[in-house]
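Just so you know, all these numbers are worked out from the coordinates, no wet-lab data involved. Everything numeric here is computed off the predicted structure, so don't read it as measured data. Here the Cβ positions follow ideal geometry from the backbone for every residue, glycine too, while neighbour counts run over all protein chains shown.
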Amino acid sequence: MRLVELEVCGMTPKQRVNACLRRQPADRVPIFMWFHPETAVRLAALLEIPPSRVGEAMGDDFRQAWVNNNYAMEGIVHEHEGETHTDAWGISWVKQGAFNQISHHPLADATEQEVLAYRQPVDHIEELLSSMTGVVKGRGEYFLGCDVSPCVFELYWRLRGMDGALLDLLAEPEMANALLAGCADLAALLAEEACKRFDLDWLWTGDDVAGQQSMMISPRLWKAMVAPHLARVISVGKAHGLPVAYHSCGAVRPIIPGLIEIGVDVLNPVQCKCPGMDPIDLKREFGSDLAFMGGVDTQELLPQGTAAEVRNATARLIEGMTSDGGGYILAASHTVPPDTPVDNIFAMYEAAGVSRQEIFDHAAQIRKGTVA
């Protein structure tokens, strides 16, 4: 099976993304779009290709895989509602709708002694890193990333439960710091091994630390207890000469200066409906230090707007976010929701310079490549 090599005016995906990150001109804005599983199935049926190859047909410039606990959440796909699995961390998951949700936090009722005795699954490193095999083999000239998230706080609360995690940070800071350190140690180890083994173009990190309206923890607490551990993970990518991307949903504006301080180069997903997260405002304030990925509204614009509205809004977003010549990767502010009209999806891509015809042509090439 061969991948479609997407080149426009002689620029490969890797060249395109590198130009973007260097604030240099490119033939078009790079694209890294995430689709809700039901959206991917709809597009796959339309394009007559497997759902796993929708991004390729649509013009994505990236190839990336999860190697940390996000693989247990998103990489293990169950067919039937209610199916379960327990991962190497002892976290149990159940399929609810299109996604896996946590049904058991292994340290939720643990004593302080049990929390301090907990060991991350370092004996599963080879198994975890194996998810990179497919993207490395077929990457060609694509921009290659390795996702080591969740790195610190999010893995902590997956182990401990959200209520327990929040209480720990305030009432049991020494215990919390020890478990946060263990979470970061694992992410840093995975990052180091990935950087050594694979010809990466960036390191992807992340933790969901904010909600729709505000941070889950105070910026002060984040800076004191989370940022130092996250910095250790980021420093691995930096030591290998790689740009580092960071993902957190929600209203993360208060910690953006702190993220820049510890070495983050790219922020995702820029949930534009959250307070303080207007993409153009963020670009104006932080664009000299930070590139952005995301910002196309998935709450109202994509599912409810007209194709013309989507096309025009996306075009304005791209123009505003590339005012310095680059520094922006087109993506939605979350996964493209299943109630998004197909015409709106194509309109978003058209604004980025990828036509509907090109997408169908890419799909035709994929079909030819999959014929035995």
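Note the count of lysine pairs whose C-alpha atoms are less than 30 angstrom apart in the chain, limited to pairs 8 or more residues apart or on different chains.
Qualifying lysine pairs in the chain: 17.
Would you please give the residues with an amide H less than 5 Å from that of M216, counting only those at least 5 places away or on a separate chain, with H modeled from the backbone geometry?
A210, G211
Of the listed values (1) 0.90; (2) 0.97; (3) 1.18, identify the label whose number matches Cα Rg over 2.2 N^0.38 Å calculated from this model.
(2)
Express in whole angstrom the spacing between the alpha-carbon centres of the range 94-171 and the range 241-256.
18
Which ordering of K14, K283 is given by a fewest-first count of other beta-carbon atoms within 10 Å? Intermediate values should be presented prior to the final figure.
Values: K14 19, K283 23.
In order of increasing Cβ crowding within 10 Å: K14, K283.
Report, by chain and number, residues whose modeled amide H sits under 5 Å from the one on Y328, excluding near sequence neighbours (fewer than 5 apart, same chain).
Residues meeting the criterion, in which the H sits 1.01 Å from N, are F292.
Over the Cα atoms of the range 269-372, each weighted equally, I'd like the Debye log10 I(q)/I(0) at q = 0.18 Å⁻¹, rounded to two decimals.
-0.86
Per residue of the range 75-82, what does 6.51 cos²θ - 1.76 cosθ + 1.60 with θ = phi - 60° give for ³J(HN,Hα)? Whole Hz please, x for Gly and Pro, Karplus curve as stated.
x, 8, 10, 8, 7, 10, 4, x
Going highest first, how would you order 327-336, 149-158, 77-86 by mean Cβ packing within 10 Å?
Values: 327-336: 24.4, 149-158: 26.0, 77-86: 11.1.
Final packing ranking: 149-158, 327-336, 77-86.
For the range 35-50, what does the Karplus curve 6.51 cos²θ - 1.76 cosθ + 1.60, with θ = phi - 60°, yield as ³J(HN,Hα) per residue in whole Hz, taken in order and with x for Gly and Pro?
10, 4, x, 5, 5, 4, 5, 4, 5, 4, 5, 5, 8, 6, 9, x
Determine the distance separating the Cα centre of the range 19-48 from the Cα centre of the range 200-237; give it in Å without decimals.
25
Dividing the convex hull volume of the alpha carbon atoms of the range 61-268 by its residue count, what do you get in Å³ per residue?
Numbers: hull volume 25.7 nm³, N = 208.
With only Cα atoms used, the range 61-268 gives 123 Å³ per residue.
Helix 356-370 versus the longest principal axis of the chain: what angle, 0 to 90°, nearest 10, using Cα atoms?
Helix 356-370 sits at roughly 70 degrees to that axis.
May I ask you to order 212-222, 179-189 by the average number of other C-beta atoms within 10 Å around their residues, highest value first?
My ranking of the peptides, most packed first, is 179-189, 212-222.
For the range 43-148, compute the orientation-averaged projected area of the C-alpha convex hull (one quarter of its surface), in nm². Mind dumping the intermediate values first?
Working: hull surface 33.8 nm².
Hull-based average projected area comes out at 8.4 nm².
Rank-order 172-178, 248-254, 360-366 by packing density, defined as the average count of other C-beta atoms within 10 Å over each peptide's residues, highest first.
On the way: 172-178: 15.9, 248-254: 21.1, 360-366: 17.7.
The packing order, highest mean first, is 248-254, 360-366, 172-178.
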